[in-house]
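First comes the structure, then the notes that go with it.
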Amino acid sequence: MTYDNNNIFAKILRGEIPCDPLIDNDHVLAFRDITPQAPVHVLVIPKGSYISIEDFSAKATSEEITAFHRAVAQIIQDENLSAMGFRVIANAGAHGGQEVPHYHLHILGGEPLGSMLAKT
Ligand code: DGP
């Protein structure tokens with residue numbers, strides 16, 4: 001599978017679609033999901049062209065991987081999620097229900113999130 005330069009997050013990274021960044025640095029962009037599934041629902045994406053967690057974990061540089069996970073920690077802290085807990089989701093491919101083929105983590109919290117999987 002090759003990276004689709006026309007996916008929505010690629011367009012956000014090019015500034016063709018607006019977003020309100022919570023983090024914007026050399027390697028990472030974080031912003032709120034347009035259709036939040038919880039009171040806190042933040043997406044963390046690498047700026048590099050990676051399709052999925054598999055692609056990113058296999059090919060990203062150590063610098064990119066470190067920056068990405070530091071950003072995850074920053075969002076968890078900035079959104080005050082540590083005390084009550086939260087969930088991090090990486091959808092991948094058809095069975096994973098991934099809609100946007102640019103790697104992203106969903107960080108969800110702010111209320112009890114229920115069971116881990118709902119196959120609807
Ligand atoms: P996934 O199914 O894991 O690929 O989730 C993609 C998420 O991206 C979905 O929860 C909605 C969100 N999303 C799609 N388009 C936009 C957009 O233009 N802006 C923002 N902020 N979020 C978007």
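Please treat every number below as a calculation from the coordinates, not as lab data. None of the values given here were measured: they were computed from a predicted structure. As a convention, Cβ positions derive from the backbone with ideal geometry for all residues, glycine included, and neighbour counts pool all protein chains shown.
In segment 1-38, what residues are touching a residue at least 40 places away in the same chain (Cβ under 8 Å), within 18 Å of V72 (Cβ to Cβ) and in a loop (DSSP other than H, G, I, E, B)? Residues satisfying the conditions are N25, D26, H27, D33, Q37, A38.
Only one of the numbered conditions (1) under 30 Å from K119 (Cβ atoms); (2) of a type outside the set (V, I, T); (3) buried (at least 19 other Cβ atoms within 10 Å of the Cβ); (4) in contact with a strand residue (DSSP E or B) (Cβ under 9 Å, 6 or more places away or on another chain) is violated by L29, and that is (1). Scanning segment 69-94 for residues that are in contact (Cβ under 8 Å) with a residue 24 or more places away in the chain, within 16 Å of the ligand (Cβ to nearest atom) and either surrounded by fewer than 16 Cβ atoms within 10 Å (Cβ to Cβ) or over 11 Å from L108 (Cα atoms) (or both) yields a total of 6. Residues that are touching a residue at least 60 places away in the same chain (Cβ under 8 Å) and near the ligand (Cβ under 8 Å from one of its atoms) were ranked within segment 95-105; the one that is farthest from V40 (Cα to Cα) is P101.
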